[in-house]
Amino acid sequence: MSALGAKSEAALRAVMARLLDGRPERTDGALTVSNLAREAGVSRVTANRAADLLAEFRAAEAPHRRSCQSALKERVRALEAELQAVRGAETADLRGLVRTLAQHIQMLTLRSPSGMPLSKACSRSRPDLVTPGLFP
């Protein structure tokens, strides 16, 4: 038995099982001694007195830590792929918008203030600037 009272040790063991199962009640669920103590309602000093229990906790959380790291790495890869796809689609949309706006700017620049039809104004001014098929 550790240097703790039976009540504190029982609380720490119950919380250890709960945290390892991923069912935190008062913390973020991270597998730390601090969260173990907080969940059990004891101080960290009290939790640190339970050397045997902490050794069990650290041994039990080590596989969780490794599996969590690999799961997080996989999640990061999936999110990076999703972000790349979204950026690609967004870039394509923006390029299309730039082309459309460039045509509008061209049309407004070439518009004749005298009321002459746009097609005639374009052909008389700078036909090299006119986008083919843009004006009737």
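The values are calculated or read from the model by the stated rules, or taken from the named source; none is laboratory data. Keep in mind that this is a model prediction, so the values were computed, not measured. Cβ placement follows ideal geometry from the backbone for every residue including glycine, while neighbour counts extend to all protein chains displayed.
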Residues located in the stretch 37-96, provided they are assigned to a helix (DSSP H, G or I), among the small types (G, A, S) and under 21 Å from R23 (Cβ atoms): A37, A40, A47, A59, A60, A62, S67, A71
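Just to be sure before I move on: is L54 loosely packed, with under 10 Cβ neighbours inside 10 Å, modelled with pLDDT of 70 or more and of a type outside the set (D, E) in the structure I sent? It would help to see each step written out before you state the result.
On the way: loosely packed, with under 10 Cβ neighbours inside 10 Å: no; modelled with pLDDT of 70 or more: yes; of a type outside the set (D, E): yes.
Taking the combined requirement at face value, the residue does not satisfy it.
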Pull out all pairs, ordered by first then second residue, where Cβ-Cβ is under 7 Å, the residues are six or more apart or on different chains, the first lies in the stretch 13-41 and is on the phi > 0 side of the Ramachandran plot and crowded, with 19+ Cβ neighbours inside 10 Å, and the second is at pLDDT 90 or above and of a type outside the set (A, V, I, L, M). none
If T32 satisfies all but one of (1) more than 29 Å from the chain's Cα centre (by Cα); (2) polar (S, T, N, Q); (3) under 21 Å from P63 (Cα atoms), what's the number of the condition it fails? (1)
Restricting to the stretch 1-36, name every residue that is assigned to a loop (DSSP other than H, G, I, E, B), aliphatic (A, V, I, L, M) and within 20 Å of Q69 (Cα to Cα). A30, L31
